[in-house]
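Undergrad: Below is the structure I would like to discuss, written out as structure tokens.
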Amino acid sequence: MKFCSFCGRQAADYANFCPRCGRPFTLRTVPQKPALGHHDRMAIAGFVLSLMGLLSFITTPLQIVSLILSLACGDAKRCKVLRVLGIVFSCVALFLSCCFWIVFFSDPQYFLDQILYPEYIY
Ligand SMILES: [Zn+2]
């Protein structure tokens, strides 16, 4: 059952016009979700890449790409949260990888020894 929005008369679901006042029942349009746009896809890609960058935090170029992707998709309609997460994750991953590279280049020999001869490190 539905009700006329003008006079309040009850009408059958299939009725197109109000039986009392004759006004047409306006079709209630279901709000359509906007289609995934170019920027939404970029947001998703940036988010996925930033996750990968977080998991392997020494992949600095990957993190830069994910950060650029996440920053560049400002018109994303449906993936705003993913975009923000992508930016945050990329920044965290970049920070971690910067820390790693700073430590690494401060004493590369130590790291190489650790990788090549782990049994000699105490
Ligand atoms: Zn009516």
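What follows is calculated from the coordinates using simple rules that are stated; it is not laboratory data. All values reported here derive from a predicted model rather than from experimental measurement. Positions of Cβ are generated from backbone atoms using ideal geometry, with glycine treated the same way; all protein chains shown enter the neighbour counts.
Undergrad: Can you put Ser50, Ser97 in order, fewest other beta carbons within 10 Å first?
TA: Numbers: Ser50 28, Ser97 22.
Exposure proxy ranking, most exposed first: Ser97, Ser50.
Undergrad: Angle, helix 38-55 long axis vs. longest principal axis of the chain, Cα atoms, 0 to 90°, nearest 10?
TA: That helix lies at roughly 40 degrees to the long axis.
Undergrad: Could you compute the FRET efficiency for Lys80 and Asp13, with r as their C-beta to C-beta distance and R0 at 35 Å, rounded to 0.05?
TA: Computed FRET efficiency for Lys80 and Asp13 comes out at 0.40.
Undergrad: A further question follows. Would you mind telling me which residue in Leu36, Leu51, Leu112 has the biggest mean-square fluctuation in a Gaussian network model of the chain, where springs connect alpha carbons within a distance under 10 angstrom?
TA: Of the options given, Leu112 has the highest mean-square fluctuation.
Undergrad: Roughly what percent of Cα-Cα pairs across region 41-120 reach past 14 Å? Don't jump to the answer; show the numbers that get you there.
TA: Numbers: 1903 of 3160 pairs.
Everything past 14 Å amounts to 60 percent.
Undergrad: Let me ask something additional. With a cut-off of 8 Å between alpha carbons and a minimum separation of six or more residues, what is the relative contact order of the chain in percent? Write out the running numbers ahead of the final one.
TA: Working: 154 pairs, mean separation 25.2, N = 122.
21 percent.
Undergrad: Still on this model: For the chain, modelled as a GNM with alpha-carbon contacts under 10 angstrom, which of Ile102, Ile44, Ile58 fluctuates the most?
TA: Top of the fluctuation ranking is Ile102.
Undergrad: Can you tell which of Phe6, Ile102, Thr26 lies farthest toward the positive end of the dipole of the chain, using +1 and -1 charges on the Cβ of basic and acidic side chains (Lys, Arg; Asp, Glu)?
TA: Phe6
Undergrad: Would you work out the charge dipole size for region 38-113 about its Cα centre, treating the Cβ of every Lys and Arg as +1 and the Cβ of every Asp and Glu as -1, and quote it to the nearest 20 debye? Don't jump to the answer; show the numbers that get you there.
TA: Values: 5 positive and 4 negative charges, 105 e Å.
Dipole of region 38-113, to the nearest 20 debye: 500 debye.
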